[in-house]
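Peer 1: First the structure, which I've put down as structure tokens, then a few questions once you've had a look.
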Amino acid sequence: WPGVAMSKVSGNIWMYDCPEGTIGCLFNAGDGDNTKTADMVATHNHVYTTAGDQGVYNGENPNPTPTPAPTPGDGVRIYFDNSNSNWTTPHIHYWGNTESPWPGVAMSKVSGNIWMYDCPEGTTGCLFNAGDGDNTKTADMVAIHNHVYTTAGDQGVYNGENPNPNPNPNPDPTPGPVNMPAKLYILGNLSVGSWTPNNGVEMTKSGNTFVAENVQFVAASGESLCFFNLTDALGADWNELNMTANRYGSATEGVELYNNSASDMVAYLNNVDAMGCLSWAVAPGTYKVVADFENMTITVISGQTGIDAILGEINDEAPVYYNLQGVRVAEPTSGLYIVRRGNKVSKEIIR
């Protein structure tokens with residue numbers, strides 16, 4: 001403290017190469033607390049002022065009185081990686097508080113294959129196309145400020161680099177391989193341990209999905225729902241986990257999952273925003289959990305056995321009681337009865 005001196009590039013631009021693994025920074029005049037800025041997220045190849053992150057450095061001296069970079073409250077900045085699609089001009093169609101005209105608006109080139117558009121405040125969803133609408137449009141996606149997208153979906157926070165500087169000039173119209181982690185674990189309100197960073201339910205890779213059978217969710221005391229998200233590695237503690245693991249969770253905290261209904265899955269990158277990974281909610285019970293990385297969705301499927309399902313169906317009907325002679329009993333007392341629920345009949349003992 002108070003830090004290391006930066007080297008002048010040109011004009012008013014100064015630079016320093018921080019070591020690998022740097023996740024945060026602040027700036028001062030060499031006098032520490034007297035002039036220090038707020039803490040900031042360190043993003044490779046970004047330019048900063050005392051007002052904060054100004055985005056990717058483009059080699060020019062910015063306005064000496066810069067306008068603060070957009071924040072989620074000012075708008076939703078969306079990036080698109082055109083490496084695989086190789087469209088002449090990518091277009092974005094967005095919706096939420098306002099909606100763009102179809103087939104969307106042209107995006108602006110940032111550098112290499114990266115394009116950008118500042119959607120208005122309140123934007124919640126988007127899709128991309130080559131400007132020809134239905135002919136090339138992607139699936140609907142959740143719009144998240146400062147994330148980069150491809151035709152395959154949300155790729156997480158934009159880090160200021162061109163992922164593929166030499167794209168295939170004649171890309172295969174068939175999408176490339178899906179970006180999947182080597183391993184995946186469920187963390188949350190689990191019977192095997194509630195929110196323990198070194199103990200989760202390991203999922204099994206199957207094609208473009210990860211699957212876990214018979215996952216038991218148990219609500220915390222005073223809660224009616226269980227919460228969970230995913231990680232591609234475990235850690236001794238939360239700090240280690242978030243530094244080394246990519247997390248996968250909901251676009252909005254507490255989105256409730258219902259039986260066999262898919263919900264959006266968002267990537268939260270290690271060292272960037274993994275510690276802010278948001279969770280899905282599910283009713284207590286046993287489920288099959290499916291994480292689909294091709295469509296970036298999560299699905300839970302009720303774990304009832306066939307017998308449990310039948311009994312549940314039977315129990316949904318109001319019981320009608322008869323004695324063993326077949327005479328209906330309005331208010332049964334203790335004893336053995338014939339009981340009809342809907343079109344199901346059984347013998348039951350009331351004690």
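Peer 1: Tally up the residues in segment 217-269 that are in a strand (DSSP E or B), among the acidic types (D, E) and either surrounded by 22 or more Cβ atoms within 10 Å (Cβ to Cβ) or without any contact (Cβ under 8 Å) to a residue 40 or more places away in the chain (or both), please.
Peer 2: 1
Table: residues versus (1) modelled with pLDDT of 85 or more; (2) assigned to a loop (DSSP other than H, G, I, E, B).
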| position | (1), (2) |
| --- | --- |
| T22 | no, yes |
| A29 | yes, yes |
| A38 | yes, yes |
| V47 | yes, no |
| G59 | no, yes |
| P68 | no, yes |
| G73 | no, yes |
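Peer 1: Taking the condition of being out of contact with any Pro (no Cβ under 6 Å at 6 or more places or on another chain) and at pLDDT below 95, how many residues in segment 219-231 meet it?
Peer 2: Summing the residues that are out of contact with any Pro (no Cβ under 6 Å at 6 or more places or on another chain) and at pLDDT below 95 in segment 219-231 gives 6.
Peer 1: Considering (1) assigned to a loop (DSSP other than H, G, I, E, B); (2) modelled with pLDDT under 90, say which one K8 fails and leave the rest.
Peer 2: All conditions pass for K8, except number (1).
Peer 1: Find the residue count for segment 270-296, including only residues that are assigned to a loop (DSSP other than H, G, I, E, B), aliphatic (A, V, I, L, M) and modelled with pLDDT of 90 or more.
Peer 2: 2
Peer 1: Can I ask one more? Sort out which residues of segment 187-203 are closer than 18 Å to S302 by Cα and surrounded by fewer than 20 Cβ atoms within 10 Å (Cβ to Cβ), and write them in order of number.
Peer 2: Once the filter is applied, which keeps residues that are closer than 18 Å to S302 by Cα and surrounded by fewer than 20 Cβ atoms within 10 Å (Cβ to Cβ), segment 187-203 yields L190, S191.
Peer 1: Scanning for something modelled with pLDDT of 90 or more and of a type outside the set (A, V, I, L, M, F, W, C), does segment 312-326 turn up at least one residue?
Peer 2: no
Peer 1: Same structure again: Under 6 Å between Cβ atoms, at least 6 apart or on separate chains: pull out the pairs that start in segment 143-157 with a residue that is within 15 Å of K109 (Cα to Cα) and end on any residue that is of a type in the set (F, W, Y) and outside any loop (DSSP other than H, G, I, E, B).
Peer 2: Filtered contacts from segment 143-157: V148/Y79; Y149/F80.
Peer 1: Limited to segment 109-140, what total is found for residues that are assigned to a strand (DSSP E or B) and among the aliphatic types (A, V, I, L, M)?
Peer 2: 4
Yes or no, residue by residue, for (1) among the aromatic types (F, W, Y); (2) in contact with a helix residue (DSSP H, G or I) (Cβ under 8 Å, 6 or more places away or on another chain); (3) surrounded by fewer than 14 Cβ atoms within 10 Å (Cβ to Cβ); (4) farther than 15 Å from Y149 by Cβ:
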| site | (1), (2), (3), (4) |
| --- | --- |
| N84 | no, no, no, no |
| Y94 | yes, no, no, no |
| P103 | no, yes, no, yes |
| G112 | no, no, no, yes |
| W115 | yes, no, no, no |
| E121 | no, no, no, yes |
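Peer 1: Here is a follow-up. For segment 1-12, which positions are closer than 23 Å to N34 by Cβ and open to solvent by less than 100 Å² (accessible area, probe 1.4 Å)?
Peer 2: Correct list: P2, G3, V4, A5, M6, S7.
Peer 1: Can you spot a residue in segment 141-153 that is under 25 Å from M243 (Cβ atoms), surrounded by 15 or more Cβ atoms within 10 Å (Cβ to Cβ), at pLDDT below 90 and of a type outside the set (A, V, I, L, M, F, W, C)?
Peer 2: Checked against the condition, which is being under 25 Å from M243 (Cβ atoms), surrounded by 15 or more Cβ atoms within 10 Å (Cβ to Cβ), at pLDDT below 90 and of a type outside the set (A, V, I, L, M, F, W, C), segment 141-153 yields at least one hit.
Peer 1: Consider segment 23-49. How many of its residues are out of contact with any Cys (no Cβ under 9 Å at 6 or more places or on another chain), β-branched (V, I, T) and open to solvent by 50 Å² or more (accessible area, probe 1.4 Å)?
Peer 2: Total satisfying the criteria: 2.
The values are calculated or read from the model by the stated rules, or taken from the named source; none is laboratory data. Since the structure is predicted, the reported quantities are computational estimates derived from the model, not experimental observations. All Cβ positions, even for glycine, are placed from backbone atoms using ideal geometry, and neighbour counts span all protein chains on display. Calculation scope for accessible area: heavy atoms of the full protein, side chains included, ligands and nucleic acids excluded. Shrake-Rupley method; radii C 1.70, N 1.55, O 1.52, S 1.80 Å.
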